[in-house]
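Since every read-out is calculated from the coordinates, none of them should be taken as a lab result. Keep in mind the model is a prediction, meaning the values are calculated, not measured. Cβ: placed from backbone, ideal geometry, glycine included. Neighbour counts: every protein chain shown.
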Amino acid sequence: MHQLIQACRSCGARELEAILSLGETPLADALVEAARLEEPEPFYPLEIAFCASCSLVQLLQTVSAETLFTQDYPYYSSFSDALVEHARLNAERLIDAERLGEHSLVVELASNDGYLLRHFAKQGVPVLGIDPAEGPARAAQEAGIPTLRAFFDRDLAACLVAEGKRADVVLANNVLAHVPDLNGFVAGIGLLLEPHGVAVIEAPYVRDLIDRCEFDTIYHEHHCYFSVTALRELFARHGLVLSRVEHYPVHGGSLRLFVRREGEPDETVRGYLADEAEHGLVAAGYYRDFAARVAGVKEGLLALLAALKAEGARIAAYGAAAKGATLLNYVGVGTETIDYVVDRNVHKQGRYMPGVRLPIADPARLLSDRPDYVLLLAWNFADEILAQQDAYRRAGGRFIVPVPEPKVLR
Ligand code: DWN
């Protein structure tokens, strides 16, 4: 089931202006088991809006977390070497900068399979993971990372504090966008933080989404799409200071936010706020041509794929990613065009992409089957995947990148 929101998820204002509808799409991570191929799956409206009061871009409909993050949630962060390396660098820098040691506590919200906490634990820093997804949480526990299988919220934060647990560092990567109760989640972070502590939060940057037409990163798991302007107001509402902002290319362009209970914003925060005001992210006009540009990418991709098929080409896809589900279902590309999708995540292999029902296979199939083209659904890991698929490319295989504009990589 889903609910249409009436007010902004952050500030509660009722000044929401719709900016893009991607129609009705299936849940992006709800991969289909072979035994259930004949069964229908739920589709939900996928539409984003802009809040004129606090500048937050957000979904107009909410699908419940229990529906989204089911017991067989298939996403495991450790299947990307680039992401694991990004996490290692983050951990080592924080251990040094925050002088973490055996008397510290690092708590990660949405800790997945322990891909990030493992780097703290390796250096003897006590950690606690919190994640509601059964599979990834079990994988973390089996790797020796203490993990609570739960959704983090204000109440859980209060329970942890009552048990004497306060965090020197709270980590929250790619989860702030996922929580329906945004204010409760942020209030919980404030409760859990030691007075001198720091929350280090990563979230996709809405400016990259709009400027690079990354519409496929819109799906029902992602309730919000953040600007620094919207984030500063969100944290301030809960007595927290957005003290520093950094930008990284991961996941198509992400912000790394440093949030404290005390102190002042540094020049990076002031710079982003000024930039966003200057470039118009704080007004609806900036978003008004986005729908037309997204429609252009759809038409361009359909035309490119049709032309390749007309030449008799065989086409596969790489990355059974959530963004791939949005792309294929919105553009309307299925088994009539693409034979199968490959993905390194063994928990996804043997299942089918939601909606379009493309079978998911091991990447080794590209070299054995030799399709003429591969549509790169996980374009955010292009460097890693293209390097990995060097043999397929040297044998004449070609990758197609769908956004920011569809093109064949030579
Ligand atoms: O917010 C979210 C983002 C951070 O991750 C989650 N809600 C869901 C997920 O979104 P996604 O599935 O679009 O993320 P990825 O990490 O872009 O998905 C990449 C897919 O490609 C994964 O299924 C793993 C796979 N992969 C692969 O098969 N070979 C990835 C790499 C790097 C590879 O070499």
Q | the chain: relative contact order as a whole-number percent, Cα under 8 Å and 6+ apart | A | 16
Q. Relative contact order of region 1-146: what whole-number percent is it, with Cα pairs under 8 angstrom and at least 6 residues apart?
A. 19
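Place the peptides 235-248, 128-141 in order of packing, highest mean first, counting for every residue the other Cβ atoms within 10 Å and averaging per peptide. Walk me through the numbers on the way to the answer.
Working: 235-248: 17.3, 128-141: 21.6.
Output ranking for 235-248, 128-141: 128-141, 235-248.
Given an 8 Å cut-off on Cα distances and at least 6 residues of separation, report the relative contact order of region 304-353 as a percent.
Values: 35 pairs, mean separation 22.6, N = 50.
Computed value for region 304-353: 45 percent relative contact order.
How much mean residue ellipticity at 222 nm does the chain get from its helices, if each DSSP H run of length 4 or more adds -39500 (n - 2.57) and you divide by all residues, to the nearest 500 deg cm²/dmol? Working shown, then result.
On the way: 14 runs with 131 residues, N = 410.
When only DSSP H runs of four or more count, the value is -9000 deg cm²/dmol.
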**Q.** C-alpha long axis of helix 322-331 to longest principal axis of the chain, angle in °
**A.** 50
Q: Sort region 98-151 into rounded, prolate or oblate with this rule: let a ≥ b ≥ c be the square roots of the eigenvalues of the Cα gyration tensor; rounded if a/c is under 1.5, and if a/c is not under 1.5, prolate when a/b is larger than b/c, oblate otherwise.
A: prolate
Q) Among the DSSP beta bridges whose two residues both lie in the chain, what percent are antiparallel, rounded to the nearest 5? A) 55
**Q.** Largest-first principal axis extents of the Cα set of region 254-410 (Å)
**A.** 57, 33, 30
(Q) Between region 131-145 and region 344-361, what is the separation of their alpha carbon centroids in Å? (A) 22
Q) In region 293-394, what % of DSSP beta bridges are antiparallel (nearest 5)? A) 10
Q | Three-way shape label, region 55-115, alpha-carbon gyration tensor, a/c 1.5 | A | prolate
Q: For region 1-43, count the residues as N, evaluate 2.2 N^0.38 Å, and divide the Cα radius of gyration by that value, please.
A: 1.69
Q: Assign one of three labels to the chain, namely rounded, prolate or oblate, based on the Cα gyration tensor with a ≥ b ≥ c the square roots of its eigenvalues; rounded applies when a/c is under 1.5, prolate when it is not and a/b is larger than b/c, and oblate otherwise.
A: prolate
(Q) Compute the helix-to-body angle for 290-310: its Cα long axis versus the longest principal axis of the chain, expressed 0 to 90° and rounded to tens. (A) 30
(Q) Between helix 182-192 and the chain, what is the angle of the helix's C-alpha long axis to the longest principal axis, kept within 0 to 90° and rounded to the nearest 10? (A) 50
**Q.** Euclidean distance of C-alpha centroids, region 20-52 and region 297-326, integer Å
**A.** 19
Q: Would you mind pulling out the separation of the Cα centroids of region 219-287 and region 155-174, in Å?
A: 22
